[in-house]
Structure formats: structure tokens, C-alpha cells
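The values are calculated or read from the model by the stated rules, or taken from the named source; none is laboratory data. The shown structure was predicted, so the numbers you read here are calculated from the model rather than taken from an experiment. Cβ coordinates were reconstructed from backbone atoms using ideal geometry, including for glycine residues, and neighbour counts include every protein chain displayed. What goes into the accessible areas is simple: the full protein's heavy atoms, side chains included, and nothing from ligands, DNA or RNA. Shrake-Rupley method; radii C 1.70, N 1.55, O 1.52, S 1.80 Å.
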Amino acid sequence: LSSFIGRDAEVEHLTGLLQSVRLLTLTGPGGVGKTRLALAVAAAVQGAYRDGVTVVSLASVDDPALVGSAIETAFGLSEHGGRSPAEIVAAHLAGKELLLVLDNFEQVVDAAPLVADLLRACPSLTALVTSRVSLKVSGDQELIVQPLMLPSPASPASTEQLLEYEAIALFAQRARESRIDFEVTADNGQTVAEICRRLDGLPLAIELAAARVKLLPPSSLLERLDRRLPLLTGGPRDAPARQQTMRAAIAWSYDLLFPDEQRLFRQLSVFAGGWTLEAAEAVCGSDLDALAGLDALVNHSLVRQREQPDESGRFEMLATIREFGQETLAAAGEADETRDRHAACYLAWAEEMSRELYWGAAPRALSGLAPEIGNIQAAFSWVVSLEQPQPRILDQALRCSFRVALFWRDNGLTSEGRRLIEAVLAKPGASDEARMGAMNGLATLAAEQGDYHRSLELHEESLVIATDFEDTLQQAWALWGVGRAFVWQGDIDRALTAYEHGLSIARRHAHREMTPQLLYFTGMALAFRGDFDRASEILDEASEVVRAAGLIRAEPLVLIFSGHVEAMRGNDRQARELTTAGLAMERKYGPTRTVMTGLVVMGELAVMGRQPERAATLLGAAWTIVEATASAVPPVYRERYEQMVREGRAQAGDDAWEAAWSAGRSAPLNEVIDLALADEPLAPEPSIAARLTPRELDVLRLVSTGLTDAEVAEQLFLSRRTVSSHLTSIYTKLGVSSRAAATRYAVDHRLV
């Protein structure tokens with residue numbers, strides 16, 4: 001009686017298949033909508049069959065031997081002459097052109113040969129079957145029914161656009177059946193979309209959730225979806241029992257499994273975000289045949305397989321099915337043991353894989369880590385939940401924290417990564433040797449969020465332990481972190497002291513990844529102090545080290561840092577060449593911090609070249625990456641960034657700037673990078689004086705009146721060091737080398 005929502009493309013595809021296929025089976029998990037789709041297809045094609053369509057529901061049949069009788073009854077036939085029901089049906093259909101729809105075949109799948117026999121005996125018969133289990137008979141064309149299409153959380157859509165998605169339209173329609181005034185609006189649209197995403201786009205789950213809007217607004221409904229199954233109940237009384245709750249729908253499939261298959265299914269529910277065959281063999285009971293069991297679970301639509309770009313097989317469960325599996329795992333008393341094995345497996349794997357992460361073999365490490373980040377977080381969460389973890393597992397978690405922290409940072413998981421490492425570090429019983437790396441990883445995340453005091457504290461504590469253990473890699477990393485904490489707060493001298501110490505260790509012990517990292521951060525610190533020549537020398541050395549060592553992920557960062565320095569000293573064209581080269585190399589890795597830095601540099605160059613709308617687009621996209629990675633903008637960058645935005649806004653006007661900024665925020669990243677790389681001609685070269693920033697002009701005017709650095713600093717509420725840095729930049733841009741020459745230039749060009 002309720003309307004059939006969407007699936008237009010599937011109906012069209014299936015009606016086309018039925019013109020050339022005589023046995024078509026729709027498979028998929030419980031609640032995905034196989035029956036409704038089959039009935040929609042049957043209605044669409046019934047005129048194409050001379051003798052129409054007959055639908056046989058097998059939901060109440062649990063004995064394969066009774067399938068023939070059920071089909072016989074559907075045609076109103078009766079047994080006589082000692083013939084079997086199958087023979088009677090075959091005789092009746094022998095001359096008929098008909099579509100036979102067999103619904104809910106999974107619990108009688110052993111009767112599949114009967115269907116094949118009927119088709120052979122009746123040349124004008126076509127069969128359309130729905131089943132959670134593949135029939136596996138000759139001539140069967142299987143089509144897996146997928147969940148409904150969902151909007152991407154990364155691309156916010158308008159209300160009208162949301163309702164074009166079948167999952168959202170289904171929720172809205174079924175919600176109105178419970179509450180006639182319900183509408184998807186601008187206020188609740190994103191919440192409804194997230195509800196549908198959390199329910200995997202499963203039609204039955206969406207319908208059961210939508211029925212709850214009679215009591216719960218969408219926001220309250222979403223809050224309760226951490227545990228889906230208790231909420232997804234109360235289906236129509238006239239629906240089969242297995243469709244009245246989501247738990248019953250999944251239990252229907254689970255009960256069809258053999259005991260070993262049920263045990264494998266339960267244990268696989270500990271995986272988060274999917275798994276490989278090798279992981280299943282490592283985590284699940286050693287007495288289980290994971291390969292055969294996975295084949296059965298895929299066949300029963302409880303697990304689905306998806307191909308990776310590298311063609312490696314990967315398996316996953318829909319979230320509602322996984323929740324059912326976790327319930328049964330706990331009920332069987334197998335949860336603790338299975339989660340222990342899962343944590344040990346993934347922590348050991350992450351420790352091994354993360355050794356490659358930065359910088360040399362990063363593409364393999366990144367492609368390997370990305371799909372497993374859910375499993376790594378689940379492993380950490382399990383360790384955190386234990387009152388006293390095993391020392392071996394605790395040390396594993398701490399050791400891999402060092403590198404995995406960087407992956408969490410670069411994938412917008414800074415807060416979650418920081419929470420997990422903090423909690424693991426708080427567990428008693430870990431060795432200091434494992435703790436020092438975790439401290440460096442945690443300190444890196446703290447700095448990303450602007451907590452420089454905590455970052456410095458952790459790096460310094462790690463440095464003490466690393467020195468005691470003579471771990472020179474961790475010493476170098478800690479010194480890099482100490483220097484970064486200082487430089488981001490503007491204390492350049494102390495930063496350079498830490499970097500110099502770290503560099504001496506990294507060079508002496510040939511730490512190929514730390515040497516360039518310390519070099520290019522040293523270069524940036526020197527640039528912030530205004531020592532551009534020395535900064536360029538250091539960055540050139542970093543580039544040589546990176547290329548010699550084959551550190552393919554470090555090269556674009558060094559290029560972009562070098563471009564940044566050239567932009568700071570006013571060498572626009574060289575800055576553009578270096579930065580675009582780095583962006584072109586880095587773009588394939590997605591919205592990384594390196595891409596963000598490159599866009600900021602290109603935005604600055606656009607401001608300096610009098611291209612404010614281009615600048616706004618690039619900077620808007622960069623800010624989106626800042627937000628996605630949950631990064632804080634360090635004070636040493638903030639002043640320069642805000643100054644750049646003020647200049648660009650003044651050039652463009654508020655309305656034009658805001659429009660271009662918004663366009664950059666919402667545009668696909670690749671399009672923005674294409675804009676950054678485009679060889680767009682620069683505006684005519686401005687005069688040297690015009691290229692001074694507003695703050696530099698303020699400093700120059702006051703210096704030209706005879707004020708000392710201290711007096712200028714007091715007037716402008718700056719530190720003496722900052723005034724000195726501005727003067728160095730002014731001298732470079734004006735091509736002068738003294739205070740007197742700068743004053744003469746200012747007077748000659750009427751700047752004072």
C-alpha cells in the first residue's frame with residue numbers, strides 16, 4: 001500500500017536483462033529492498049508476457065522439498081495421477097509464456113535445482129528470484145541489490161538536492177506516514193542525511209527509523225543511533241515478522257548459517273571499516289576456515305566484498321549487520337579474546353607499516369594505512385578500555401603512536417588521535433622506551449591544535465628519555481618538535497638552537513628523514529628572522545638531501561617551503577615556479593597540509609600581483625583544508641596571513657572578495673589546484689615601494705623620523721625582534737643595506 005521510492009535505473013536495467021536472461025536472481029542483505037524491487041520490475045514487464053506474471057512468496061516455507069507444492073498452490077493446481085508437484089507445475093507451464101517471481105528463496109536454496117529443471121522443461125518460462133543466498137545453478141544471472149544512494153558528507157547539498165537522493169526521499173515519505181506535517185528542511189536536512197548514512201542506505205532501516213519521527217525529531221533520532229538495533233523496531237503489523245525489526249531481519253540470515261559460519265561472522269564484527277582475508281585469518285579462531293567461511297558469508301549477503309584500486313580483495317559489513325554481530329559476539333562470551341587478537345594484529349601491523357610512512361615508501365604506506373585507520377583506532381580504543389592491558393600490547397600501541405599520529409593529523413583526526421594517545425600514555429606498566437615515541441607523536445598533535453605549552457613539555461620529556469636510551473632518532477625528532485614549538489610562537493633564536501642540535505645528531509647518525517625535516521624548518525625559521533640568503537642556502541641543501549635519499553614525499557614540501565621563502569623576499573616568479581612544482585607533485589595525495597601551504601603561497605603571490613579574486617579563491621580552499629585537518633594557525637603565520645587577507649580584500653572590495661572566498665571553500669580541490677597551477681599572467685609589476693606590506697610601511701615611516709627600534713616597537717605594539725625582522729625585509733625589497741639608505745628612499749619616493 002505504500003509507494004515505491006526511486007530505483008528507476010535498477011528497474012530499467014532489470015527489465016532489459018529479462019529480455020535475454022531466463023533466470024535472474026536478486027541478492028542482497030535483509031532490508032535492502034529485494035522484494036519491492038522485484039515486484040516493481042514484475043509490474044513493469046507483465047505486459048511483455050502473454051500469460052502474465054505469477055508471484056510465489058516462500059517466506060513461510062522452510063523445507064526445500066515443499067517448494068514445488070508452494071508453486072503448485074500458487075497456480076491453483078492439485079495433485080493427481082501420482083505425479084510430483086514439480087512435474088505437475090512443469091506440465092502446466094510447458095506451453096505458457098510467463099514470468100515466475102519466487103520471493104524469499106534463501107531458506108529453501110537447496111531447491112534451486114528444481115527452478116533450473118522447470119526452466120529447461122518450459123522454454124517460454126522466465127524466473128525472477130529474490131534471495132539473500134546465491135542459487136549457484138547453471139544459467140543464473142545474479143544481481144546484487146545495493147543500498148540506496150546517499151549524499152556525500154564532504155559536499156553539503158541544498159534541501160532540493162538532498163531530496164533527489166532516494167534514501168532521503170524514502171525517509172521523508174515514510175516519516176510523513178507517521179507524522180503528516182513532516183518535511184525535510186534547511187534546518188533538518190543535513191541531520192536526515194546523516195541518519196540515512198548511519199543506516200547504510202538500507203531501505204528497511206530507513207523506514208523503521210522514519211517511523212520514529214512521530215516521537216523523536218531527527219536530531220534526537222540521530223543521537224540514539226550509536227545503538228541502532230534497539231531503535232529500529234515497530235514495523236507494520238501486516239509485514240512479515242522478519243521485517244518488523246532490523247534485528248529480526250538480520251537474525252533471519254544468521255540462523256541460516258552453520259555453527260562455524262556463525263562463529264566466524266561474530267568474530268568478524270570486531271573489524272572497523274573492513275578487513276582483508278589475511279587479517280581475518282589472523283584475528284579469527286585458528287580452527288576456523290576463514291576463506292570458506294567468508295565465501296559463505298558473502299553468499300548469504302552478511303558480508304560484502306569490494307575491490308581496491310590495487311585489486312586486493314577487501315571485505316566489510318554494513319553497520320547495522322556489524323552491530324548485530326557484536327551483540328552475538330558478546331552473548332557468546334567471545335568478545336574479549338577476539339578483541340585482544342584484533343588489537344595485537346593491527347598494532348603490530350601499524351608499527352611495521354608506519355616505519356615507511358615518512359618519507360621514502362610513503363605511497364605504499366599511505367595506501368595501506370588509509371583503509372585500516374578504523375581498525376587501528378578500534379585497537380587503540382580496546383587498549384584504552386582495559387584497566388590493565390598486557391604490557392606487550394600496551395608497548396605496541398605506544399610505539400606505533402609515534403608515526404600513526406602523523407597519519408591521524410593529516411586525515412583530520414587530530415582530536416581523536418590525541419585523545420587515544422593521551423589515554424594509552426596514562427595506562428600504568430608501559431616501558432619508558434615505548435613512551436618516548438608516543439610522547440613525540442602526541443606532542444605533534446598538541447602543537448597542531450595550538451597547545452604549544454603541552455607540546456613543548458612532551459617533547460622535552462621525550463628528549464630526556466631518548467637521551468638516556470641513546471635513541472638518536474627520537475632525540476632528533478624531539479629537538480625538531482622543541483624548535484617548532486618555539487618558532488611557531490615567534491621565539492626564533494631558541495628555535496634555531498634546538499634545530500642546530502637536532503641537525504648535528506641527525507647528520508651524525510644518518511637519519512635520512514630527520515635531516516631534511518630539520519633543514520627545511522631551519523630554513524623557514526631563518527626566513528622569519530629575515531635572513532633570506534641563509535634560508536635559501538639551507539633549503540637548497542634540504543632539496544639535495546631529499547633527492548639523494550629518494551624521499552619522494554618530502555620533495556614537494558621542500559619545494560613549497562622554498563617558494564614561500566622566495567615570496568617573503570619578493571621574488572615572485574621564482575616563488576611561483578618552486579611552489580607550482582611542489583603542488584603538482586603533491587596533488588595526488590589529496591587535501592594534505594603541504595597542499596594547503598602551497599595554496600597559501602600562491603594566494604600570497606596573487607595578492608602581490610594584484611589578482612585579489614584569484615587570491616581569495618586559493619586562500620578559501622586552503623582554509624577548508626585547515627579546518628578539515630583541525631589545525632591551528634601558529635601566531636608566527638597568523639599576522640602575515642591576516643595582513644595578506646586585508647590587502648586582498650582592499651584590492652577586490654568586500655563583496656567580490658567574499659564571493660571568491662566562498663567559491664574556493666566549496667570548489668573541488670583539483671579544480672582549485674588547477675587554478676593555482678595555471679600560467680595566468682601577472683598584473684604589471686608594481687613599484688618596489690608598493691610591494692611593501694602595510695606593516696612594513698608603518699615601520700619605514702617611523703624609522704625615517706629617527707626613532708630607534710625600541711621606540712618603533714613601542715609605537716606599534718611589537719617586539720624589538722619583530723621590528724628588526726621587518727627592517728631586514730624592507731632593506732631587501734628596497735635594495736638598500738642601511739637605515740640611512742632606507743630613510744633616503746622613503747623621502748625620495750614621498751613615503752613620509
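Before we move on, is residue 710 of a type outside the set (S, T, N, Q), over 23 Å from residue 636 (Cα atoms), more than 44 Å from the chain's Cα centre (by Cα) and in a helix (DSSP H, G or I)? It is false that residue 710 is of a type outside the set (S, T, N, Q), over 23 Å from residue 636 (Cα atoms), more than 44 Å from the chain's Cα centre (by Cα) and in a helix (DSSP H, G or I).
Residues that are touching a Leu at 6+ places or on another chain (Cβ under 9 Å) and either under 22 Å from residue 588 (Cα atoms) or in contact (Cβ under 8 Å) with a residue 40 or more places away in the chain (or both) within the stretch 536-561 comprise 543, 546, 553, 556, 558, 559, 560, 561, listed in sequence order.
Considering (1) in a helix (DSSP H, G or I); (2) farther than 23 Å from residue 519 by Cβ, the lone condition that residue 443 does not fulfil carries the number (2).
Would the stretch 223-237 turn up any residue that is free of Cβ contacts under 8 Å to residues at least 60 places away in the same chain and either aliphatic (A, V, I, L, M) or open to solvent by less than 10 Å² (accessible area, probe 1.4 Å) (or both)? Checked against the condition, which is being free of Cβ contacts under 8 Å to residues at least 60 places away in the same chain and either aliphatic (A, V, I, L, M) or open to solvent by less than 10 Å² (accessible area, probe 1.4 Å) (or both), the stretch 223-237 yields at least one hit.
Please verify whether the stretch 417-433 includes one or more residues that are assigned to a helix (DSSP H, G or I), closer than 26 Å to residue 628 by Cβ, open to solvent by 20 Å² or more (accessible area, probe 1.4 Å) and modelled with pLDDT under 85. Looking for residues that are assigned to a helix (DSSP H, G or I), closer than 26 Å to residue 628 by Cβ, open to solvent by 20 Å² or more (accessible area, probe 1.4 Å) and modelled with pLDDT under 85, one finds none in the stretch 417-433, hence no. Taking the criterion of being of a type in the set (A, V, I, L, M) and more than 16 Å from residue 146 (Cα to Cα), the residues of the stretch 197-225 that qualify are 208, 209, 210, 211, 213, 215, 216, 221, 222, 225. The condition of being of a type outside the set (Val, Ile, Thr), touching a residue at least 60 places away in the same chain (Cβ under 8 Å) and open to solvent by 10 Å² or more (accessible area, probe 1.4 Å) does not hold for residue 152.
Table: residues versus (1) modelled with pLDDT under 90; (2) buried (at least 16 other Cβ atoms within 10 Å of the Cβ); (3) not in a helix (DSSP H, G or I).
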{"residue": "389", "(1), (2), (3)": "yes, yes, yes"}
{"residue": "394", "(1), (2), (3)": "no, yes, no"}
{"residue": "398", "(1), (2), (3)": "no, yes, no"}
{"residue": "409", "(1), (2), (3)": "yes, yes, no"}
{"residue": "438", "(1), (2), (3)": "no, yes, no"}
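Across the stretch 568-617, the number of residues qualifying as among the small types (Gly, Ala, Ser), closer than 17 Å to residue 646 by Cβ and in contact (Cβ under 8 Å) with a residue 60 or more places away in the chain comes to 1.
Go through 639, 577, 604 for me and flag whichever is out of contact with any Ser or Thr (no Cβ under 9 Å at 6 or more places or on another chain) and surrounded by fewer than 19 Cβ atoms within 10 Å (Cβ to Cβ). Unique residue meeting the criteria: 577. The requirement of being open to solvent by less than 70 Å² (accessible area, probe 1.4 Å), modelled with pLDDT of 90 or more and either in a helix (DSSP H, G or I) or of a type in the set (Lys, Arg) (or both) is not satisfied by residue 129.
Taken together, 746, 689, 683 contain a single residue that is open to solvent by less than 40 Å² (accessible area, probe 1.4 Å), closer than 30 Å to residue 593 by Cβ and at pLDDT below 80, which is 683. For the stretch 318-368, taking the residues that are modelled with pLDDT of 75 or more and basic (Lys, Arg), the one that is nearest to residue 587 (Cα to Cα) is identified as 322.
Of all residue pairs spaced 6 or more apart or on separate chains, those with beta-carbon atoms under 8 Å, a first member in the stretch 157-171 that is farther than 12 Å from residue 6 by Cα and a second member that is among the hydroxyl-bearing types (Ser, Thr, Tyr) are 159/185. Of all residues in the stretch 299-317, those that are among the β-branched types (Val, Ile, Thr) have Cβ atoms under 8 Å from Cβ atoms of residues that are assigned to a loop (DSSP other than H, G, I, E, B) and at pLDDT 85 or above, 6 or more apart or on another chain, in 303/317.
The helices (runs of 4 or more DSSP H) found entirely in the stretch 1-103 that carry 1 or more residues being at pLDDT 90 or above, within 30 Å of residue 305 (Cα to Cα) and open to solvent by 20 Å² or more (accessible area, probe 1.4 Å) are 8-17, 34-45. For residue 269, indicate whether it is among the small types (Gly, Ala, Ser), touching a strand residue (DSSP E or B) at 6+ places or on another chain (Cβ under 7 Å) and either open to solvent by less than 10 Å² (accessible area, probe 1.4 Å) or at pLDDT 85 or above (or both). Spelling it out, it is not the case that residue 269 is among the small types (Gly, Ala, Ser), touching a strand residue (DSSP E or B) at 6+ places or on another chain (Cβ under 7 Å) and either open to solvent by less than 10 Å² (accessible area, probe 1.4 Å) or at pLDDT 85 or above (or both).
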